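The values are calculated or read from the model by the stated rules, or taken from the named source; none is laboratory data. Quick caveat: nothing in here was measured; it's all calculated off a predicted structure. Counting neighbours? That spans all protein chains shown, and the Cβs are built from the backbone with ideal geometry, glycine included. Heads up: the accessible areas ignore ligands, DNA and RNA and are worked out on the full protein's heavy atoms, side chains in. Shrake-Rupley method; radii C 1.70, N 1.55, O 1.52, S 1.80 Å.
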Amino acid sequence: MGSVVDNERSGFIVVRGWRWVKGLVVKMGKKVVEVAKKAKTLGQDDPRRITHSLKAGLAVTLVSLLYYLKPIYGGFGASTMWAILTVIVVFEFSVGATLGRGLNRGLATLTAGALGIGAHYLADLPGRTGQPILLGLFVFILAAVVSFIRFFPRMKARYDYGLLIFILTFCLVSVSGYQDDEVLDLAHKRLTTILIGSAAAVFVSIGICPVWAGDDLHNLVVGNVQKLGNFLQGFAEEYFKLSEDGEAKDNQIFFQGYRSILTSKGNEDSLTNFARWEPRHGRFRFRHPWKHYQKIGSLTRQCAYHIEALRCYPCVNIQAPEGIQRQIQEACTIMSTESGKALKDLASSIKTMTKPSPVNPHIVNSKTAAKALRFLIKTSSSEDFVLFEVMPTAMVAVQLMEVISCVEKIAESVHELASLARFKDANDQGQKPQDDSMEGPHHIISINGSSSCVLPSIEEDGTVLHGTNSDIIKGSKSKTNVRQMRLFLSF
């Protein structure tokens, strides 16, 4: 009886163990498939990642050959490992990042090695008794000073890695010299092997399928401006879209289109830093104004933040006459659409590196639509509807005016970039020049379903003409004051 129970218990343990092993194998198989799918997606998103991985393996392999060449290994000995370590820590995804880290490491090693040798010989003057005290004092002072220098924003951005290597090399050379009298030979070997490793990394990075940080920065800024333009072109149509029962639709997918712009600052800053290390390549000259791309990116994010603020004002039915309601919505649509077209024109100019039109008619149209909307609300609020009833839409109009102001600033920055980077004229690129006239197309908006109003046009002297049902009212020559509009709409 006891043997039967033991057999059943043993069988139960075996079955349970087999199920556990089988479940573990199935679970591991699923994990492997999941990792493989993620790796495939990662490679498909940017095939350059695969190329970079192969280039990194090639660079490390080339430097490892130093171990197999006896004449070279005999000259450097164990210091040959520094060449391999240098390739591993220096080799980066883009050419600019690799050059930056390579130059930082090489220059830091050279200067720190020279200072380390000097510190060693100065500490050796009082004799063996005072040598460790002086060496410790030198290490303390230099490490403290360089660590403080790392807090400077400019040094942190471009030379942080070099400063770390500076501290490391100085300590290794000066302290190692206390037990090794051949400190000059030690510094020479480490410097030479580090330069060999840096040179190998830079050679492979530039010579085989180079990835230029400047190109990535250029495309990122162009893409952000283009994305914002596409969003603004379709914004009003989506925002004022009403369902059959009269309630607004909230298209969350559409309103997420600009979100990536808000989080692009870190990527822009790092690409700008890397691009400044790169030599002349492609369309980009030496000392290309890369920092100006940061200015355009900052203005683009500022514009995107104003769009983010629009979500605080839900789209509701305006309790106003149908003509006035349609007039307001059409004016907002014109402001948004024309701003989007202006941004797309600017993105095209940056992408092709051609000079933009001195006067963008789309910006003019959006500004005149804003002035017409203000005039409409001012003249109609006392007799047709109460301003409080259109407050949500009025605040949307105010935010769109802020967007127009941002678009103007972006246009100014693009003109500055075109001048600094020496963009070519549109005619030289075989493109049809844009119409520089200030008039642009007129947009007709009907009021109360019967009469019509032509959005204001701008004459040669800068005077704004507002067309109404009965007459033409001459407006101000000055630019629209967004703050005054905000105060007017919020009273």
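So the values come out like this:
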item: Residue count, segment 373-412 (criterion: at pLDDT 80 or above and of a type in the set (Gly, Ala, Ser)); result: 2
item: Residue among ILE133, ILE117, ILE167 that is out of contact with any Phe, Trp or Tyr (no Cβ under 6 Å at 6 or more places or on another chain) and modelled with pLDDT of 90 or more; result: ILE167
item: Subset of segment 341-370 (residues that are assigned to a helix (DSSP H, G or I) and small (Gly, Ala, Ser)); result: ALA342, ALA347, SER348, SER349, SER366, ALA369, ALA370
item: Selection status of LEU195, more than 14 Å from LEU103 (Cα to Cα), touching a residue at least 24 places away in the same chain (Cβ under 8 Å) and hydrophobic (A, V, I, L, M, F, W, C); result: no
item: Helices (runs of 4 or more DSSP H) completely within segment 41-135 that count 1 or more residues being of a type in the set (Lys, Arg); result: 48-64, 70-76, 95-124
item: Only one of GLY77, GLY11, GLY23 that is out of contact with any Asp or Glu (no Cβ under 7 Å at 6 or more places or on another chain), surrounded by fewer than 13 Cβ atoms within 10 Å (Cβ to Cβ), modelled with pLDDT under 85 and within 26 Å of LEU168 (Cβ to Cβ); result: GLY77
item: ALA59 being more than 37 Å from the chain's Cα centre (by Cα) and of a type in the set (Gly, Ala, Ser); result: no
item: Residues of segment 51-103 classified as closer than 15 Å to TYR161 by Cα and in contact with a Lys or Arg (Cβ under 8 Å, 6 or more places away or on another chain), total; result: 7
item: Search result, residues across segment 289-306 that are under 17 Å from HIS218 (Cβ atoms), out of contact with any Leu (no Cβ under 7 Å at 6 or more places or on another chain) and open to solvent by 10 Å² or more (accessible area, probe 1.4 Å); result: LYS291, GLN294, LYS295, SER298, LEU299
item: Selection within segment 85-117 - among the aliphatic types (A, V, I, L, M) and either open to solvent by 20 Å² or more (accessible area, probe 1.4 Å) or without any contact (Cβ under 8 Å) to a residue 24 or more places away in the chain (or both); result: LEU85, ILE88, VAL89, LEU99, LEU103, LEU107, LEU110, ALA114, LEU115, ILE117
item: Residue in segment 178-189 that is crowded, with 23+ Cβ neighbours inside 10 Å and at pLDDT below 90 present; result: yes
item: Of residues in segment 118-129 being over 44 Å from the mean Cα position of the chain (by Cα) and open to solvent by 20 Å² or more (accessible area, probe 1.4 Å), the one nearest to LEU191 (Cα to Cα); result: TYR121
